[in-house]
Amino acid sequence: MIDLTAIIKNTNAYRIMQSDKQKNSLSHAYLILSQDKDMLKEYLKIFVSLICCQSEQPCLICRNCGLIQGECHPDVIFYPQDKGKDNKKAKEKADRAVTTEDIVSLIEESYIRPIESDKKVFVILNAQDMNAGAQNKLLKTLEEPPANVHIILGATSEYSLLPTIRSRVKRLEITPFSNDVIINALSGECQDKQKLQIAVSCGDGTIGKALSLYGDKELQNLTQMIVDTLVNMNSSKDVLKYSTK
């Protein structure tokens, strides 16, 4: 199992939020940026656990942490909502952009008192895909959120977000990881060291892409073709043969 928490704990983004928590000065809204779209939701869960866990760091064993990881904490709501993970329509809904209707739901929910925790957390996935209407609807709540409400926007890029949105959130960026960090993280899941090295080298510093490429047969075939070309193309006569391949 990949220990994402151990990796995220070593990021500046995590250290900043942890410091905010220790000083009892958590921001009412954070923008968490990561190029790793495939793993973004899992990263955001770690930050949510940091906010909600009674310990200084996410313990991953308490009730709050368990409910957050299972996406069933009554005081932690992800948008767009994904109900029934095995349902194709539910998955399509989860993949869509957050809409104005989602933001209306978020605002209404923000005024309902928490059930399990002493705070409520709302997570907007792929915030970079929100249209201007949804962003404008969110503005007032970002300006004056109800007490003990935290809003986390997760995005792969900030450039499509309105300047007024960006000015009302605390920006935290998870920068691309080094190859060594990703290899160490995936070595337990990915047993073939050579395949893993190639996948990580092509993974743009993201765990999600490296995992995807590890099982990509097209990448493996291409790599073998390149090696074969470099080893066996001995003269200009071979150029046509290998360029055709």
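Name the residue farthest towards the positive end of the dipole of the chain from the options V200, V48, Q22, assuming +1 on Cβ of Lys and Arg, -1 on Cβ of Asp and Glu, about the Cα centre.
The residue sitting farthest along the positive end of the dipole is V200.
So if we plug the beta-carbon distance of K241 and K217 into 1/(1 + (r/R0)^6) with R0 = 30 Å, what FRET efficiency do we get, rounded to 0.05?
For K241 and K217, the calculated efficiency is 0.80.
Using the alpha carbons of the range 140-214, what is the convex hull volume per residue in cubic angstrom, as a whole number?
120 Å³
Picking from T100, T229, T11, which is most flexible by a Gaussian network model of the chain using Cα springs under 10 Å?
Of T100, T229, T11, the Gaussian network model singles out T229 as fluctuating most.
For N131 and S19, compute 0.36 nm times the residue count separating them, minus their Cα-Cα distance, and round to one decimal in nm.
Taking N131 through S19 to full extension adds about 37.1 nm, to one decimal.
Only Lys, Arg, Asp and Glu count, each charged at its Cβ (+1, +1, -1, -1), so figure out the dipole size of the range 1-144 about its Cα centre, rounded to 20 debye. Present the calculation step by step, with values, prior to reporting the outcome.
Details: 20 positive and 21 negative charges, 20 e Å.
Using Cβ point charges on Lys, Arg, Asp and Glu, the range 1-144 gives about 100 debye.
Of the listed pairs K209/K237; K195/K245; K45/K217; K140/K209; K37/K170; K137/K170, which have alpha-carbon separations greater than 26 Å here?
Among K209/K237; K195/K245; K45/K217; K140/K209; K37/K170; K137/K170, the Cα-Cα distance tops 26 Å for K209/K237; K45/K217; K140/K209.
What do you get for trypsin sites (Lys or Arg not before Pro) in the range 109-160 restricted to DSSP loop and a cutoff of at most 16 other Cβ within 10 Å of the site's Cβ?
Taking the range 109-160 and a limit of 16 other Cβ atoms within 10 Å, the loop trypsin sites (Lys or Arg not before Pro) found are K119.
Looking only at A185, A147, A155, which one moves most when the chain is put into a Gaussian network model with springs between Cα atoms under 10 Å?
Most flexible of the set in this elastic network: A147.
How would the chain be classified by its alpha-carbon gyration tensor: rounded, prolate or oblate, with rounded meaning a/c under 1.5 and the a/b versus b/c comparison settling the rest?
prolate
Mean separation of Cα pairs under 8 Å and 6+ residues apart, divided by the residue count of the chain: what relative contact order is that in percent? Working shown, then result.
Working: 338 pairs, mean separation 60.8, N = 245.
Value for the chain: 25 percent.
Out of G154, S243, I165, whose Cα points farthest toward the positive end of the dipole of the range 137-245 (charges: +1 Lys, Arg; -1 Asp, Glu; placed on Cβ)?
After comparing all options, I get I165.
Taking a ≥ b ≥ c as the square roots of the eigenvalues of the Cα gyration tensor of the range 122-163, is the shape rounded (a/c under 1.5), prolate (a/b larger than b/c) or oblate?
oblate
Before rounding to the nearest 500, sum -39500 (n - 2.57) across all DSSP H runs of length at least 4 in the chain and divide by the residue total; then give [θ] at 222 nm in deg cm²/dmol.
Rounded to the nearest 500, the figure is -13500 deg cm²/dmol.
Of the chain, which part is the longest with no chymotrypsin sites (Phe, Trp or Tyr not before Pro) in a loop (DSSP not H, G, I, E, B) and with at most 12 other C-beta atoms within 10 angstrom?
1-110
Return a whole-number percent for the relative contact order of the range 141-232, with Cα pairs under 8 Å and 6 or more residues apart as the contact set.
18 percent
Once the Cβ-Cβ distance between Q54 and V231 is put in as r, and R0 is 51 Å, what FRET efficiency do you end up with, to the nearest 0.05?
My answer for the efficiency is 0.30.
For L213, what accessible area in Å² do you get when you roll a 1.4 Å probe over the heavy atoms of the protein chains, rounding to the nearest 10?
Taking all protein chains as shown, L213 has close to 30 Å².
If I take R0 = 30 Å and measure r between the Cβ atoms of K170 and M1 in this structure, what FRET efficiency does the formula 1/(1 + (r/R0)^6) give, to the nearest 0.05?
0.45
Considering the alpha-carbon set of the range 1-83 alone, what are its Rg and its Dmax in angstrom?
12.4, 36
Explain nothing, just the number: dipole magnitude of the chain about its Cα centre with +1 on each Lys and Arg Cβ and -1 on each Asp and Glu Cβ, in debye rounded to the nearest 20.
The dipole magnitude comes to about 140 debye.
Check cross-link reach from K21 to the aspartates and glutamates: straight Cα distance under 16 Å, and skip same-chain residues fewer than eight apart.
E56, D118
Mind checking which of G154, G208, G188 has the largest fluctuation in a GNM of the chain, springs on alpha carbons under 10 Å?
In the Gaussian network model the winner is G188.
The values are calculated or read from the model by the stated rules, or taken from the named source; none is laboratory data. All of these numbers come straight from a predicted model, not from anything done at the bench. Positions of Cβ are generated from backbone atoms using ideal geometry, with glycine treated the same way; all protein chains shown enter the neighbour counts. Note: areas computed on protein heavy atoms with side chains; ligands, DNA, RNA excluded. Shrake-Rupley method; radii C 1.70, N 1.55, O 1.52, S 1.80 Å.
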